[in-house]
1. From the list ALA467, ALA485, which residue is of a type in the set (Gly, Ala, Ser) and outside the structural domain of LYS318 (by the TED database)?
2. Considering only segment 92-107, how many residues are within 12 Å of ILE41 (Cα to Cα) and surrounded by fewer than 22 Cβ atoms within 10 Å (Cβ to Cβ)?
3. From the list LEU607, LEU570, LEU580, LEU560, which residue is assigned by the TED database to the domain that holds PRO675, open to solvent by less than 40 Å² (accessible area, probe 1.4 Å) and in contact (Cβ under 8 Å) with a residue 40 or more places away in the chain?
4. Can you find a residue in segment 197-214 that is touching a residue at least 40 places away in the same chain (Cβ under 8 Å), within 19 Å of ILE148 (Cα to Cα) and β-branched (Val, Ile, Thr)?
5. With respect to the numbered conditions (1) among the charged types (D, E, K, R); (2) modelled with pLDDT of 95 or more; (3) over 23 Å from TRP449 (Cβ atoms), which one is the sole condition not fulfilled by LYS255?
6. Check segment 193-207 and report whether any residue there is closer than 21 Å to VAL272 by Cβ, of a type in the set (Asp, Glu) and assigned to a helix (DSSP H, G or I).
7. Examine segment 499-506 for a residue that is hydrophobic (A, V, I, L, M, F, W, C) and modelled with pLDDT under 90, and state whether such a residue exists.
8. Considering each residue of segment 175-192, count those that are open to solvent by 10 Å² or more (accessible area, probe 1.4 Å), in a loop (DSSP other than H, G, I, E, B), touching a helix residue (DSSP H, G or I) at 6+ places or on another chain (Cβ under 9 Å) and not polar (S, T, N, Q), and give that number.
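The values are calculated or read from the model by the stated rules, or taken from the named source; none is laboratory data. Please read these numbers as outputs of a predicted model, since none were measured by experiment. Glycine also receives a Cβ, built like all others from the backbone with ideal geometry; neighbour counts cover every protein chain displayed. The protein model used for the area step is the full one, side chains on, heavy atoms only, and it has no ligands, DNA or RNA in it. Shrake-Rupley method; radii C 1.70, N 1.55, O 1.52, S 1.80 Å.
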Amino acid sequence: MLVFGFLLLCSIKTKGETKVNCSMIGLPEYALLSKDGDIIIGGAFSIHNKPYYKISLSLSLSLALFLSLSLSLSLNLREFRFAQTMIFAIEEINSKASLLPNISIGYQIFDSCGSTLASMRSSMALINGQELTAEHICSGKTAVKAIIGESESSSTIVLSRATGPFRIPVISHFATCACLSNRKQFPSFFRTIPSDFYQSRALAQLVKHFRWTWVGAVRSDNDYGNNGMATFVEVAEREGVCIEYSEAISRTNSKEKIAKVVEVIKKGTAKVLVAFLAQGEMDVLLEEIIRQNVTGLQWVGSESWITARYLATKIVSKVLGGAVGFTISKSKIPGLREFLLKVNPSQNPSNFCNGSENLSNMSNEFTDVSELRISNNVYKAVYAIAYALHNTLACKTSKGAPENKGTCGTKDLIVMHSLQNVNFTMASGETIYFDQNGDPTARYELVNWQKNGAGETTFITVGHYDASLPSEQQFVMNSINIVWAGDSHTKPSSVCSESCRPGFRQAVIKGRPVCCFECLRCPSGEISSTTDSAECIKCPLEHWSNENHSMCVLKKVEFLSFEENMGILLTAFSLTGVSLTIAVALMFYHFIDTPLVKASNAELSFLLLFSLSLCFLCSLTFIGQPTEWSCMLRHTAFGITFALCMSCVLARTIAVVMAFKATVPGTSVPQCTLPLQRVSVFCCTFFQVIICTLWLVLAPPIPYKNITHSLDTIILECDLGSAIGFWAVLGYIGLLSVLCFVLAFLARKLPDNFNEAKFITFSLLIFCAVWITFIPAYVSSPGKFTVAVEIFAILASSFGLLFCIFTPKCYIILLKPEQNTRKHIMGKTHNKSQ
């Protein structure tokens, strides 16, 4: 048996350039580890990174040892541990009496050297059971019943395609490409590591969780990297994450090509780099990253390298410190470390080592069993094959049905169907089974590169991802604090544009990814209450945006109130008018026996003063918050009181005309005028009452919230209910006033000592002028000013009637009492009659 354990443990003391390939260090090309047994299991591992490599040893020994992470001797200690773990598991099974009793398992393990060509040659050798030479002819019978391998997806694809027609199951411990789940292309493929179908989605959720919307990406230019990154980009973009750049590299690329990729990374503005890389590509990329001193990036890694212990050196930790990524759960394999420490070199003349070295004193990736993740996958794969073989030899399937009768109980058997149905529990308590695509349940740990107290890099579990759970429960963070890039405890921000605060929305910049945007303030009446809102939301009808446009608030309610200055002023004018009217009435009552009051028709004068008081008071119903009763009262009271007022004025005008046209000379009382005045006042007023009653019954005025006139204000007003009713009331008042004006105008040239028609004419001119100008002002005034205009018209016309009709009388009564005589009032008239 050939073994490799000591190959990396020998010191390199030569200088110059050493060529290393699979034929050196005492190993034949595509070296083989083998052991005979009743049933043979094959293995394929990339124990050497490349079939041929050149290493410059002109550097110091310490730097040369650092370069061993990618270059030194091209020997991969991690892969060698995988191979030895497979041997350990086989030896452990062979020692058990409960599993495959009286059956010994042998193995044939080949080194594919990280090459798809070498992988093809290995698969042919495993299938044929011959030495790796082209001269041998295929025997027609497979030498192995199952194969464990490979670590890389591209090599595994080659291996699976080659073994598929022979129905030889391939169980990979590390190949994660989602493409391998295609049962039509890979009918005999199984794996003990989850598919990248889940890892890529987990990485996308991770990036979204930390709100990194602007990331860079680099991938292996092979099936593993291309398929995994394609899925990540698809899911990430669906989650609102943008990819600034996506570069692909291969371990066989020239240094110039790798340097160009690093230049892209260096010039990028993204602070987060998602590295979907196999170990070989990660090695060559890190070499150039360190050479160009690219630091400060937050690395998000795939499972292939995120827990690779050989990367956790001081120099690499300056670059990868704080990295996060998903990996499978770690486990413990009792007895493995002791087994690894007992590995001895083969008796090969060209071996550098002499066999006397002590592995127990070494600390490297081969002997380190503290992070058994992928090694545990190899361990589980061997046991899965063993249980499948056990069930097949026992002529049982998972459901207890008999196996193929032609091979049942013999060594010439096919285990693929049993492997598909295998279901067992490991000593650790983990249940092993495969789904219809040959995949295990996808469960990951989120690990974070942190330094312990000794300054050594450790992989700390900070979260979990379980694809078997509902989507909202799949990704869970632990309470452990994460250390970020540069060993910082502050989470880095990686965005193309800074977040838009509440009150703003994102506006995509033409020609740029959707993650690059401008922040535009929401227009009036619209809000955004969260950060990075894509759209602004319109506020409900009775709400408006606040000053910051971050929330909707109730609109300002506007109506003419008694508390505001305009309301106070109009109320004062109204009460002043009432006071003056009452004062005039009291004065008239005090001088009721004087000739002037008698000549003015005291009954009509008091009725007119009463109606003017009501006109002044009805203006108060227009002030205050509109209610159902106030809306009905304000317009009907206005209509009826003004109709009463105009009726009185009309009766007085008629009385004046009749007094000078139809009186008996020497007398002052017209014949039959009092009953006619009362009837005319009653009839004219009653007609207005009928109009108002019909208005209230058919379509009464009601309170109304006007939200259309002003964007940020609700105007409380009274809806007319029926515009016809309103204009009918107003038109009737106008008709009475026009009739009064015509009669007063015709009587303006009557005797001048006391010709009331002149004053009535002037008052009606004011009245008509006020209400004619009221119409356009009323229609065009906004909000509460509409009500103010109406109140002003009422007060102005009322004051006009009060002053024009009663001021001359009050002047004579108070200031010219000598003229308040029957002789003076009737003098001119009497002379003319004589």
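1. ALA485
2. Count: 2.
3. Within the list LEU607, LEU570, LEU580, LEU560, the selection yields LEU570.
4. Checked against the condition, which is being touching a residue at least 40 places away in the same chain (Cβ under 8 Å), within 19 Å of ILE148 (Cα to Cα) and β-branched (Val, Ile, Thr), segment 197-214 yields no hits at all.
5. For LYS255, the failing item is (2).
6. yes
7. Of the residues in segment 499-506, the ones hydrophobic (A, V, I, L, M, F, W, C) are 500, 504.
Pick out the ones that are also modelled with pLDDT under 90 and you get 500.
Within segment 499-506, one or more residues are hydrophobic (A, V, I, L, M, F, W, C) and modelled with pLDDT under 90.
8. So the count comes out to 1.
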